Each structure stands twice: as C-alpha cells, then as structure tokens.
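All remarks here apply to the structure that follows.
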Amino acid sequence: MTNEVVIVEAVRSPLTQRQLYGRIHCELAADKLLDITVNGLLQRAKIDEDEITTVVTVGDGAAARRHAESWRKVFPHIDRHESMSTTAAMKLARDAITAEPRRIVLVVGATNGDCRHETGASTDRPTPLEADLRGITQQNQSEYVSASYRRARECALSGDFRREIIPLELHLDHEMTEFIASDELRQVCEPAGAHRLAPTPAALPVSNGGAGQDCQLSLPRAHSARGAGALVLTGASRADELGLHPRGRLVGAETLFDTPLTGVSVSHLESVRSYLRSMGVPLNRIDQFEVPEEVAVTPLIWLEEFGLNTYMLNPRGGALALGHLAEIEGIRCLTTMLSALEDTGGTYGLVATSGLDGSGLLLVECLNSP
C-alpha cells in the first residue's frame with residue numbers, strides 16, 4: 001500500500017439550518033466555521049500547518065478562497081486549486097498525491113446555506129424522470145423523511161456524531177457563551193397512526209404525466225444548512241514516515257454523469273455497478289452507501305434499484321434531517337460514513353455525490369475497523 005492515497009482524518013462543523021436568535025453570528029459565518037474546522041482537523045490528525053503542500057477548495061468559493069489565500073501568505077509553497085464538487089476535489093487530491101506521494105493535501109469547503117433548497121424557492125436542478133417515479137408514493141417519501149430524521153436523532157443522542165464534529169464556541173454577548181458540539185436537527189411531525197409529508201421540506205411540483213398520482217403532488221426536499229468540512233490526505237508511505245494512522249484509503253473517485261444525481265435515469269445506474277467492478281469491489285462488497293437526500297426519491301430509487309437493506313443506505317440519516325450543504329454535501333457524507341464504518345466493522349463504503357457540474361462516486365476502504 002506504499003503508493004496508495006490515504007485519508008488521514010475527516011471532520012466537519014456542527015450544522016445549523018436557521019439564523020440563531022434571529023441573526024447569523026460571526027462564529028457561524030462560512031469562513032469562521034472553516035477556520036475552526038481546519039484547525040481542529042490538523043490537531044486531530046497531528047499534522048503541522050507547515051507540512052501542508054496543497055489546498056483544494058470546494059463549495060462556497062469566497063470563504064474557501066479566502067482561507068486558502070491566507071495560508072498561501074504564511075506558507076508561500078502551498079499550491080491552491082479550486083473545484084466545483086467534492087468528487088472533483090478528491091480527484092485533484094488523488095492525482096496530486098499519485099504524482100508526488102509526499103504531498104499532504106487539504107480538501108476544504110464551507111457554505112452559508114443555499115436558498116435553492118428553501119420552501120417555495122425555484123431550483124435549476126433537474127427532477128427525477130416520471131418513469132422512474134412509478135411505484136414511489138407520497139407515503140413512501142413521507143416514511144423515508146421520517147426515517148432519516150429518526151436515525152439522525154438516535155445517532156445524535158447516542159453520541160455517534162461526536163467523532164466527526166469539531167465543536168465551536170458561540171459568543172452570544174460579553175457574559176454568555178454557548179458551546180455547540182451537535183447539529184440542529186430539523187423537526188419532523190409524525191401524527192399518531194399516520195405517515196404524512198413533513199411540513200418543513202420544500203415542495204417541488206412534478207408535472208402530470210406517467211408518474212403515479214401520489215407522486216404528482218410534490219417531492220419533499222431538504223432544507224439548506226450552514227456548515228464546513230475538511231479532509232487531509234497523503235500517500236501511504238508519507239503517512240508511515242510521519243507516524244500517522246490513516247482512517248481510510250481512497251480506492252476511487254470518478255465523475256460518472258454530467259447532471260446532478262436527481263436527473264440521472266434509473267437506466268443509467270448500471271454505470272455504478274460497472275464502475276465498482278472495474279475497481280475490483282463489486283456491489284455486494286459495499287458495506288455502506290451514502291446517497292444525497294436533496295429529494296427523498298433519490299435514495300428510494302437506489303434502495304429499489306440495487307436491492308439494498310435500508311440500514312445500508314444513509315444509516316445515520318442524511319440531508320433531510322441534517323440539512324443540505326450544497327457542493328460540500330459529499331464531504332459531510334464521507335466524514336459520516338468513515339465514522340459509521342469504524343463503529344460497525346465495515347470495510348468498503350460508497351459515497352454518491354451530486355452537483356451542478358455532474359455527479360459521481362467516491363469509493364473508500366475503512367482502515368480503522370475494530
């Protein structure tokens with residue numbers, strides 16, 4: 001494994017879906033969240049700042065760009081790259097390390113929230129094809145939304161997210177400080193004896209056509225969230241040299257489709273199986289799947305198409321509960337997946353990523369299973 005690309009550490013900030021006390025505090029701005037998250041990442045990874053050779057930014061361009069430029073002023077040797085999606089960022093990191101295994105690469109991103117996910121907001125993302133919605137009812141979607149929330153809430157209460165979150169201190173005034181080490185989960189209403197669409201996700205109209213009547217009304221969508229995420233990668237030999245203990249191995253990173261995942265036809269999902277076979281890790285060896293929950297039908301389609309156990313896909317909840325992080329949602333998914341694989345003894349995990357520039361896959365092997 002000398003020349004392989006390894007993930008030394010992966011973390012994120014707490015996520016929030018609202019303005020706390022009616023306003024955005026400076027500690028919750030994207031650039032501040034990013035600073036806190038990166039500092040926490042390097043402390044956990046036991047890597048000095050001056051050992052970083054490359055910074056790849058993704059997500060909120062302004063915040064990530066300011067962060068990378070501030071590092072370049074202090075460490076002029078650092079290379080900086082920008083990417084439109086998590087998959088593109090991981091491919092840049094992989095290629096840089098493959099070309100020069102001693103490189104230590106930061107992949108970082110932050111977002112202040114994206115109004116495209118709010119109720120009533122317009123969206124330029126494609127919707128699932130009507131033919132792919134056959135058999136997926138509103139009740140199916142409602143049950144999935146509620147399940148995502150329940151899983152996230154159970155994991156939050158049991159401390160499963162603790163490993164992946166870098167806590168922050170929120171200074172409310174001169175005398176009051178709030179210590180935040182968990183996410184603000186969206187509340188889901190479940191009337192006794194009935195499953196209904198939760199009132200908070202945004203509704204996206206679907207045109208009348210071949211889809212079932214239940215799916216013509218609306219597609220529950222995730223709200224946007226504010227947060228930051230960061231990973232540090234290097235070559236396996238460099239990690240050994242520095243005495244680091246990587247959490248995962250980046251087996252593959254590839255963009256498969258030129259559209260967001262919501263617009264990928266079921267007929268094209270065979271490309272996922274083909275890609276996994278080409279990497280020597282067939283579908284039946286994947287222990288966990290992380291699939292974007294921008295809309296509830298996307299994970300439902302994956303569950304049906306690949307015949308997955310429901311607890312193999314987004315077992316700790318997803319964006320429908322935690323909030324959607326736009327282009328850096330893939331970083332959040334990868335961070336959560338690594339912790340879950342470690343806790344359950346899983347080996348391989350697959351993250352499906354989605355962005356306006358396309359959608360792809362990240363294939364990871366967990367190295368820290370008990």
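Taking residue 114 as the residue in question, decide whether it is open to solvent by 20 Å² or more (accessible area, probe 1.4 Å) and at pLDDT 90 or above. No: the conditions fail for residue 114. Is it the case, given these coordinates, that residue 45 is surrounded by 21 or more Cβ atoms within 10 Å (Cβ to Cβ) and at pLDDT 90 or above? Against the criterion (surrounded by 21 or more Cβ atoms within 10 Å (Cβ to Cβ) and at pLDDT 90 or above), residue 45 qualifies.
Being open to solvent by 10 Å² or more (accessible area, probe 1.4 Å) and within 18 Å of residue 292 (Cβ to Cβ) is the requirement here; does residue 356 meet it? Yes.
What residue, among those in the range 159-179 that are in a strand (DSSP E or B) and open to solvent by 30 Å² or more (accessible area, probe 1.4 Å), is modelled with the highest pLDDT? Per the criteria, the residue is 169. On inspection, residue 237 qualifies as among the hydroxyl-bearing types (Ser, Thr, Tyr), at pLDDT 65 or above, surrounded by fewer than 17 Cβ atoms within 10 Å (Cβ to Cβ) and in a helix (DSSP H, G or I). The set of residues in the range 304-323 being under 27 Å from residue 229 (Cα atoms) and open to solvent by 10 Å² or more (accessible area, probe 1.4 Å) consists of 310, 311, 312, 315, 316. Against the conditions (1) touching a Gly at 6+ places or on another chain (Cβ under 8 Å); (2) modelled with pLDDT of 90 or more; (3) over 26 Å from residue 347 (Cβ atoms), residue 260 satisfies every one except (2).
Tallying residues that are assigned to a loop (DSSP other than H, G, I, E, B) and on the phi < 0 side of the Ramachandran plot within the range 132-158 yields 3. Checking each residue in the range 253-276 for being in a strand (DSSP E or B) and either surrounded by fewer than 21 Cβ atoms within 10 Å (Cβ to Cβ) or at positive phi (or both) picks out 254, 255, 256, 257.
Restricted to the range 277-299, and to residues there that are part of a loop (DSSP other than H, G, I, E, B) and of a type in the set (D, E, K, R), the residue that is modelled with the highest pLDDT is 293. Do you know which of the residues in the range 327-340 that are among the aliphatic types (A, V, I, L, M) and buried (at least 24 other Cβ atoms within 10 Å of the Cβ) is nearest to residue 57 (Cα to Cα)? Here the answer is 328.
The values are calculated or read from the model by the stated rules, or taken from the named source; none is laboratory data. Keep in mind the model is a prediction, meaning the values are calculated, not measured. Cβ: placed from backbone, ideal geometry, glycine included. Neighbour counts: every protein chain shown. Keep in mind that these areas ignore ligands, DNA and RNA; they rest on the heavy atoms of the full protein, side chains included. Shrake-Rupley method; radii C 1.70, N 1.55, O 1.52, S 1.80 Å.
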